[in-house]
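Written below as structure tokens is the structure these notes are about.
The values are calculated or read from the model by the stated rules, or taken from the named source; none is laboratory data. Since the model is a prediction, treat every value here as computed from it, not as a measurement. Cβ atoms come from the backbone with ideal geometry, glycine included; neighbour counts cover every protein chain shown. Remember, those area values only see protein heavy atoms, side chains included, never the ligands or the DNA or RNA. Shrake-Rupley method; radii C 1.70, N 1.55, O 1.52, S 1.80 Å.
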Amino acid sequence: MRVFVVEESAALSIRLLERLRAVPELTVIGSAETVTDAMRAIANLVPDVVIIDKEMADGSGFALLHVMKAWRVVERAGPRVLVWTGCQDPRRQAIAAGLGAEAHFDKAREVDLLVDYCRGVTACHG
């Protein structure tokens, strides 16, 4: 299972990437700190799962969710999208879900749940 991470905080990105790389079934194929870099990389790398932060330095992760939803409509396929965020606003979660986000995870408390979810996606995918 090929995973791509979009996170603006280098420290949080490193923490998550280390945890994901410890799972043998997952292959981290890249990461980005900005929406612009993420869009470019995701189109080229074609991951199975993309983990997105909703708040980015150069814009909102929602912009990336819009692009990825359009990609899935046109291609009739695309990566599964997981959101990991510090903002647990139910209204924003509903918007993200409407744009194709499969699940939400709290950055501060749910890193283990996110990694376990990816492990479960791998079991279903394989």
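Quick look at the numbers
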read-out	value
Every residue from segment 43-63 that is over 22 Å from residue 2 (Cα atoms) and charged (D, E, K, R)	55, 58
Every residue from segment 78-92 that is open to solvent by less than 50 Å² (accessible area, probe 1.4 Å) and either at pLDDT 85 or above or in contact with a His (Cβ under 6 Å, 6 or more places away or on another chain) (or both)	79, 81, 82, 83, 84, 85
Residue in segment 102-122 that is farther than 19 Å from residue 3 by Cα and surrounded by fewer than 17 Cβ atoms within 10 Å (Cβ to Cβ) present	yes
Boolean, residue 18 is free of Cβ contacts under 8 Å to residues at least 40 places away in the same chain, among the acidic types (Asp, Glu) and crowded, with 18+ Cβ neighbours inside 10 Å	no
Residues of segment 47-77 that turn out to be β-branched (Val, Ile, Thr) and at pLDDT 85 or above, as a count	4
Residue list for segment 47-59, restricted to those being open to solvent by less than 40 Å² (accessible area, probe 1.4 Å) and not basic (Lys, Arg)	47, 49, 50, 51, 52, 53, 56, 59
Positions within segment 1-15 being free of Cβ contacts under 8 Å to residues at least 60 places away in the same chain, open to solvent by less than 20 Å² (accessible area, probe 1.4 Å) and of a type outside the set (S, T, N, Q), in sequence order	5, 6
Check on residue 49, aliphatic (A, V, I, L, M) and more than 11 Å from the chain's Cα centre (by Cα)	no
Inter-residue pairs, beta-carbon under 7 Å, first of a type in the set (Asp, Glu) and in segment 93-104, second open to solvent by less than 50 Å² (accessible area, probe 1.4 Å), 6+ apart	102/81; 102/82
Extreme residue, nearest to residue 56 (Cα to Cα), among residues of segment 28-46 that are open to solvent by 30 Å² or more (accessible area, probe 1.4 Å), in a helix (DSSP H, G or I) and among the aliphatic types (A, V, I, L, M)	39
